1. Give the stretch 26-43 a look and list any residue that's farther than 15 Å from Glu78 by Cβ and open to solvent by 70 Å² or more (accessible area, probe 1.4 Å), or say none.
2. Pairs only if they're at least six apart or on different chains, beta carbon under 9 angstrom, first in the stretch 26-41 and more than 23 Å from Cys80 (Cβ to Cβ) and in a helix (DSSP H, G or I), second of a type in the set (D, E, K, R) and open to solvent by 50 Å² or more (accessible area, probe 1.4 Å); list them, first residue then second.
3. I'd like the full set of residues that are small (Gly, Ala, Ser) and modelled with pLDDT under 95, limited to the stretch 13-57.
4. Of all residues in the stretch 1-20, count the ones that are over 10 Å from the mean Cα position of the chain (by Cα) and not in a loop (DSSP other than H, G, I, E, B).
5. Anything in the stretch 14-25 that is open to solvent by less than 20 Å² (accessible area, probe 1.4 Å) and out of contact with any strand residue (DSSP E or B) (no Cβ under 7 Å at 6 or more places or on another chain)? List them, or say none.
Amino acid sequence: MPLSYTLLVNGSVYGSQSSFSALNFAKALIEEGHILKKVFFYQDGVLNGNRLVVPANDELNLSLAWQVLAKENNVTLETCIAASLRRGVVSETEAELHGIDSDNLAAGYEQSGLGSFGSALIEEDRVVQF
């Protein structure tokens, strides 16, 4: 029987193995027939949602890889709004609210509060932290 999952990614897009490991785990879950509902990026993990991250030509673009996985598998990508703002990852809505000239939240990512992650703890069969 397939299980439903949410992943919690705390590691920076390139500062640790966290995001890469979570992405590989997510792909394996889906390949095995499980349901990945949400990936919640918290702490430095919110940097995965920064559309201005440009990796070297020979490196995997993790932010883009998450976008592709989400689009192909109907997975929600959420960055914690408070952690995002502290680290300069700003949605269009937050840019307008705070009088900032531009946003940099990558397409396919949403910003939400910890309440959204709390709901996942209750609703999903499994929550796995990276």
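The values are calculated or read from the model by the stated rules, or taken from the named source; none is laboratory data. None of the values given here were measured: they were computed from a predicted structure. With ideal geometry, Cβ positions are generated from the backbone for all residues, glycine too; neighbour counts draw on all protein chains shown. Heads up: the accessible areas ignore ligands, DNA and RNA and are worked out on the full protein's heavy atoms, side chains in. Shrake-Rupley method; radii C 1.70, N 1.55, O 1.52, S 1.80 Å.
1. Once the filter is applied, which keeps residues that are farther than 15 Å from Glu78 by Cβ and open to solvent by 70 Å² or more (accessible area, probe 1.4 Å), the stretch 26-43 yields Lys27, Glu31, Glu32, Ile35.
2. Ile30/Glu72
3. Narrowing the stretch 13-57 to residues small (Gly, Ala, Ser): 15-16, 18-19, 21-22, 26, 28, 33, 45, 49, 56.
If the condition is that a residue be small (Gly, Ala, Ser) and modelled with pLDDT under 95, then Gly15, Ser16, Ala56 are the ones that fit.
4. Kept after step one, since they are over 10 Å from the mean Cα position of the chain (by Cα), are these residues of the stretch 1-20: 1-6, 11-12, 14-18, 20.
Adding the requirement that they be not in a loop (DSSP other than H, G, I, E, B) leaves 4-6, 18, 20.
Going through the stretch 1-20 one residue at a time, the tally reaches 5.
5. Leu23
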